[in-house]
Amino acid sequence: MTKDFDTANKVLDKEKILLITGQPGVGKTTLAEMLIIERARLEHQIYLINTIRDAEDVISPDESKQLFYFDDFLGEVYYEILSGSQKENEISRFIDRIKHTPNKFIILSTRTVILEQAKAKSEKIKRSRIETGKYEIVINQYNNYEKAKILYNHLYFQRISDKLFSVIINNEFYYDIIKHKNYTPRIIEFITDYDRTKNFENEDYKKFIIFNLNHPEEIWNDSFHNQIRYQDRLFLMTLFTFQRNVEENFLIKAFGERLVFEKSSNNISINSEQFIDSVRNLLNGFIVSTITDIDKNNKVYSFINPSISDYLVTFLNNHYNLKKATIGASIYIEQLEIFNPEKKQFHIEEEIQKIILGKICNEEFDSINKYKEYRLEGFYLEILVKYCKSIDIDDCLLELFQRLDFDKMWWIRKSLKYVLENLQDSPKSTAYIRQNFFNIIEKYIKDVDDYDMAIELPLIFTNFGYDYEEYSSEDNSQNLILDLISKIVVETEKDLMSSYKDQVNDMDDYDNFVYDEVNNLKKNLFNELCSEVDMEIPRYYNDEELFKQIEENELNHREYIKREKARDRYYEERQEKTVIENKKIERLFSRRKLE
């Protein structure tokens, strides 16, 4: 945390006020404590305050050195500010007093999300001098030694027992902690908390640490429930349904629909600026936005940390009505994908299945897919069969099948594959498919373009009571299947060549990387789909092209050797730094002495 410490110290010296902000768990308190220790060393009187009135009582008018630390300073007046109170006047006045009194300093900390809400609600907070001393903590600034110091300091100040400290140092377990992908100071604070850990035995403590490192989503629980409004939680649940980056225009419509749903169902109050308000409240604390087109001001939104999504999986599983509302208010078919029952994250109860069925039957879902005019009805088919296994979907499914344009098979082929392989307990739809089976299957075969789809063809015939071997023995059908096999073999050759062409040094390498697999795939396809036929499928690439690639690789290899020498020098320097850092970490933990 050296870089954070030095920069924050400079801000404090210059501005006399330091505002430490950041998302939950990134080390705001840890940085503040390090600064306090430094100021105490410089003979400042230290005051840990819980209210501005506490500070007003002890601030000195003379030039004596004083440092005030107000952790979570907006927490004390947070709800009063949101409700329209004038409490922020006290904060603003005291900040001005600090600014104009010699040798007086103040450190404030708060979560980014709370600061943004307070600024939005309070003009005095927005216009105050607080922002001049703002310093944002970013977790990726920590090197391993700084992470180790954070861990060590928490162990020391929490007075972790010798017994539990031995768990940390045995087999250098501290390296597993500080190098863990989910490391944050918030987790370190949690796993070293005295009251939480005092009754652990050694092995239980280690399991406790590992569990919390592997499940960082737990840190979001308090912020989600206590630090943001209900409307903002609805925003997060809406964003959750898109799983990954979502364009702003889609999110605006989806969130708007959720608000309309909540207003009619739960009578919540909403305003025309609710999307903007929620983005302002959540930005940099829960969510991030990225501009993808500066000229058009196109933005995408995502969670600031993937563990928020993990947390919401647990949250929605524990709150059935909110899960039902989240699905019921969805307007894009893609919003259902996160609830896919085959992913085993969510159970789709019958009541929710009926909601999905009704929305599909009434064509209430749109799609964010740019080819939605071709794909949407295929999505409908697949969702019904995959999500609604406990209810009667037959009438709706039949209507969808009757509307399908099988001349556009390529766009729906994957969805149709799922339906044809998994359709059950829908006699009307099954009868319709049987009546039109050969028209459907021949158009399907023409557009199948991968091995997994092709190899399951006999299963589809069996599902609908037809004999695949009899079909494949007819000339026209056989030609369709041979064309299918040729297409898949050639596409596989091209894909493998694209993946491995840079690794070949001679002609034998082509066999090892490409043609052995192509030949095995071709053999399997013929055995499963057309076992009575022996047909040669020529290679897509000729020898001249293959030799040319080998020559190109030789040139590239010589350039690679040059780069490797330079890279080796770089890594030798990095390795030396790593060895030095590791020794510092080991010395840090070996000096532990408990009184």
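The residues of the stretch 299-325 that are in a strand (DSSP E or B) and either among the hydroxyl-bearing types (Ser, Thr, Tyr) or at pLDDT below 80 (or both), listed by number, are TYR301, SER302. Among the residues of the stretch 178-221, which ones are under 14 Å from TYR142 (Cβ atoms) and surrounded by fewer than 19 Cβ atoms within 10 Å (Cβ to Cβ)? Scanning the stretch 178-221 gives LYS179, HIS180, LYS181, ASN182. Please tell me if ASN266 is under 27 Å from SER278 (Cα atoms), out of contact with any strand residue (DSSP E or B) (no Cβ under 6 Å at 6 or more places or on another chain) and outside the structural domain of ILE304 (by TED's automatic domain parsing). Judged against the criteria, ASN266 is not a match.
Checking each residue in the stretch 20-59 for being in a strand (DSSP E or B) and on the phi > 0 side of the Ramachandran plot picks out only GLY22. A residue that is in contact with a Phe, Trp or Tyr (Cβ under 7 Å, 6 or more places away or on another chain), among the β-branched types (Val, Ile, Thr) and without any contact (Cβ under 8 Å) to a residue 40 or more places away in the chain cannot be found anywhere in the stretch 201-223.
Counting the residues of the stretch 248-289 that are closer than 19 Å to LEU74 by Cβ and in contact (Cβ under 8 Å) with a residue 60 or more places away in the chain gives 8. Looking across the stretch 454-510 at every residue that is surrounded by 15 or more Cβ atoms within 10 Å (Cβ to Cβ) and among the basic types (Lys, Arg), the one that is modelled with the lowest pLDDT is identified as LYS501.
For the stretch 479-495, check the following and say yes or no: at least one residue is under 30 Å from SER426 (Cβ atoms) and under 41 Å from the mean Cα position of the chain (by Cα). Scanning the stretch 479-495, I find at least one residue that is under 30 Å from SER426 (Cβ atoms) and under 41 Å from the mean Cα position of the chain (by Cα), so the answer is yes.
For the stretch 491-509, a residue qualifies if it is under 26 Å from ALA454 (Cα atoms), touching a residue at least 40 places away in the same chain (Cβ under 8 Å) and either not in a helix (DSSP H, G or I) or not hydrophobic (A, V, I, L, M, F, W, C) (or both), and the qualifying residues are GLU491, THR492, GLU493, LYS494. Residues that are of a type in the set (Asp, Glu) and not in a helix (DSSP H, G or I) were ranked within the stretch 510-561; the one that is farthest from TYR471 (Cα to Cα) is GLU536. Pairing residues of the stretch 524-545 that are modelled with pLDDT of 90 or more with residues that are part of a loop (DSSP other than H, G, I, E, B), at Cβ distances under 9 Å and at least 6 apart in sequence or on separate chains, gives PHE526/VAL533; PHE526/ASP534; PHE526/MET535.
A quick yes/no check of all residues on (1) touching a residue at least 40 places away in the same chain (Cβ under 8 Å); (2) surrounded by 19 or more Cβ atoms within 10 Å (Cβ to Cβ):
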{"residue": "PRO341", "(1), (2)": "yes, no"}
{"residue": "GLY378", "(1), (2)": "no, yes"}
{"residue": "TYR387", "(1), (2)": "yes, yes"}
{"residue": "ILE391", "(1), (2)": "yes, no"}
{"residue": "ASP394", "(1), (2)": "no, no"}
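The residue list LYS370, LYS408 contains one member that is surrounded by 15 or more Cβ atoms within 10 Å (Cβ to Cβ) and either touching a residue at least 12 places away in the same chain (Cβ under 8 Å) or under 29 Å from LYS443 (Cα atoms) (or both), which is LYS408.
Applying the condition of being within 22 Å of SER92 (Cα to Cα) and surrounded by fewer than 14 Cβ atoms within 10 Å (Cβ to Cβ) to the stretch 11-44 and asking which residue is modelled with the highest pLDDT yields ASP13. Check the stretch 263-273 and report whether any residue there is β-branched (Val, Ile, Thr) and within 18 Å of the chain's Cα centre (by Cα). No: zero hits.
In the set (1) at pLDDT 90 or above; (2) surrounded by 14 or more Cβ atoms within 10 Å (Cβ to Cβ); (3) outside any helix (DSSP H, G or I), HIS347 fails one condition alone, (2). Of (1) modelled with pLDDT under 95; (2) of a type outside the set (Asp, Glu); (3) in a loop (DSSP other than H, G, I, E, B), ARG375 satisfies all except one. Which? Tallying (1) modelled with pLDDT under 95; (2) of a type outside the set (Asp, Glu); (3) in a loop (DSSP other than H, G, I, E, B), ARG375 fails exactly one: (3). Annotation note: of ILE168, ILE187, the sole residue that is in a helix (DSSP H, G or I), hydrophobic (A, V, I, L, M, F, W, C) and at pLDDT 85 or above is ILE168. Only a single criterion out of (1) closer than 30 Å to THR184 by Cβ; (2) more than 21 Å from the chain's Cα centre (by Cα) is not satisfied by ASN305, namely (2).
The values are calculated or read from the model by the stated rules, or taken from the named source; none is laboratory data. Just so it is clear, the model here is predicted, and its values are computed rather than measured. Cβ coordinates were reconstructed from backbone atoms using ideal geometry, including for glycine residues, and neighbour counts include every protein chain displayed.
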